[in-house]
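Report on one structure; see the data block that follows.
Taken together, the values in this text are just the output of simple stated rules run on the coordinates, not laboratory data. All of these numbers come straight from a predicted model, not from anything done at the bench. All Cβ positions, even for glycine, are placed from backbone atoms using ideal geometry, and neighbour counts span all protein chains on display.
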Amino acid sequence: MERGDKIKAGDVRTASRLIRDIEDSIPEAKATIKHIFPYTGKAQVVGITGSPGAGKSTIVDGLIETSRKKEQTVGVLAVDPTSPFTGGATLGDRIRMQRHSEDIGVFIRSLATRGSLGGLSKAVGDAIHVMDAMGKDVIFVETVGTGQQEVEIIHYAHTVIVVLVPGMGDEIQAIKAGIMEIADIFVINKADRDGAQKLQRELMTMIEMSHIPPGGWKPPVLTIRNSFKPEEFEQDLRTLSAKVREHYDFLISSDLIGDRQKRKRLHELNEAIRFSILEPVLEMLVKTGELDSMVEKLVKKESDPASLAEEIAKKYLQGCF
Ligand SMILES: Nc1nc2c(ncn2[C@@H]2O[C@H](COP(=O)(O)OP(=O)(O)OP(=O)(O)O)[C@@H](O)[C@H]2O)c(=O)[nH]1
Ligand SMILES: [Mg+2]
């Protein structure tokens, strides 16, 4: 059986290997992704993002549970678990989700940062394709970090959950990092802590002030109480899970699902173009030393970036100009 066929049959070892190859940018991975692409687009993709240690993995663990109870199969992609902020949280992620490791309906993998941010973004998209082609009903993508990386998740997820914790100045951070725009659902975690209600009020005020078009989705602000109190936690998680479903249903009933799909595809195409055209050209410029001499020229004001870019285009993209 071809590698792609094995993925479609849900083969865990083949899928794990392929995700590693994607992470390591092994060229053969590309061929398999091409092969499985027509079989993607069926899974519901849910992004969970927020500051390091906000409790994202704990929430994903709870969401796995609620999905399994509904007999959905689940894929989990933990992105960048080895960021300098968290330092080796991979083990923690594994421990927190370990109870699902024996369940054949759950497939959990992590993806570490490698090279450029763009590279990571493409790898995330491809790894989601793998889980999608395996036939997973729902895929949770946990991303840690702040700023651009969090915002990137919007390109891949149908629903984005932003996790905030009281007392961390998150509200300010949320505005700064453009998180207000990407959140479909806000979750205030560790809501047994002081300041949870205040944070909830502030967020709700911010949502009221944001310009939601008529008939648009208004992001709810949910709270999740202490994860160490299983009954409360499970109850809150059920509410969250229902909201995720509600958002997905909203996307379908309002036809916005098509827009999201298009946006995902456009982003993927951009990434692919960048990798097929821009990266090889840049590599060549580095190899030949042209890049260095161009930088020199700019420093000496002998040329300008636009003119140099035109020169490069003429030289390397023959037939286009
Ligand atoms: N007090 C309290 N601690 C919690 C709660 N939920 C999670 N934690 C703890 O917070 C820590 C971080 O939880 P994680 O779920 O790993 O958080 P995360 O956002 O996935 O962390 P990173 O992936 O490292 O960014 C763990 O030690 C959890 O046990 C909660 O509701 N209350
Ligand atoms: Mg985590």
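Classify region 276-321 as rounded, prolate or oblate, taking a ≥ b ≥ c as the square roots of the eigenvalues of its Cα gyration tensor: rounded when a/c is under 1.5, otherwise prolate if a/b is larger than b/c and oblate if not.
oblate
Give, in nm to one decimal, the length gained when the segment between ALA272 and SER307 is fully stretched (0.36 nm per residue of separation minus the Cα-Cα distance).
Full extension of this stretch gives 10.1 nm more.
Given only helices, namely DSSP H runs of n ≥ 4 each adding -39500 (n - 2.57), what is the per-residue ellipticity at 222 nm of the chain, to the nearest 500 deg cm²/dmol?
It comes out at -16500 deg cm²/dmol, rounded to the nearest 500.
Calculate the dipole size of the chain relative to its Cα centre from +1 charges on Lys and Arg beta carbons and -1 charges on Asp and Glu beta carbons; express the result in debye to the nearest 20.
Computed about the Cα centre, the dipole is about 380 debye.
With 10 angstrom as the radius, rank HIS129, HIS211 by how many other C-beta atoms surround their C-beta, starting from the fewest. Write out the running numbers ahead of the final one.
Values: HIS129 24, HIS211 5.
Listed from fewest to most nearby Cβ atoms, that is HIS211, HIS129.
Hey, what's the Cα Rg ratio for the chain versus the globular rule of thumb, 2.2 N^0.38 Å? Mind showing how you got there, number by number?
Values: Rg = 21.5 Å, N = 321, 2.2 N^0.38 = 19.7 Å.
Dividing the Cα radius of gyration by 2.2 N^0.38 Å gives 1.09.
Classify region 174-268 as rounded, prolate or oblate, taking a ≥ b ≥ c as the square roots of the eigenvalues of its Cα gyration tensor: rounded when a/c is under 1.5, otherwise prolate if a/b is larger than b/c and oblate if not.
Details: a/c = 2.16, a/b = 1.51, b/c = 1.42.
Judged from the Cα gyration tensor, region 174-268 comes out prolate (a/c at least 1.5, a/b above b/c).
Given R₀ = 51 Å, what would the calculated FRET efficiency be for VAL295 paired with ARG201, taking r from the Cβ atoms and rounding to 0.05?
According to the calculation, E is roughly 0.50.
Rounded, prolate or oblate: which one fits region 213-321, using the alpha carbon gyration tensor with axes a ≥ b ≥ c (rounded when a/c is under 1.5, else prolate when a/b beats b/c, else oblate)?
It comes out prolate by the Cα gyration axes.
Against the longest alpha carbon principal axis of the chain, how many degrees, from 0 to 90 and to the nearest 10, is the axis of helix 305-316 turned?
For 305-316 against the chain, the angle is about 70 degrees.
Using only Cα atoms, find the angle between the long axis of helix 56-69 and the longest principal axis of the chain, and express it within 0 to 90 degrees, rounded to the nearest 10.
The angle comes out at about 70 degrees.
Taking region 264-317, which trypsin sites (Lys or Arg not before Pro) meet the DSSP loop condition and have no more than 13 other C-beta atoms within 10 Å?
LYS300, LYS301
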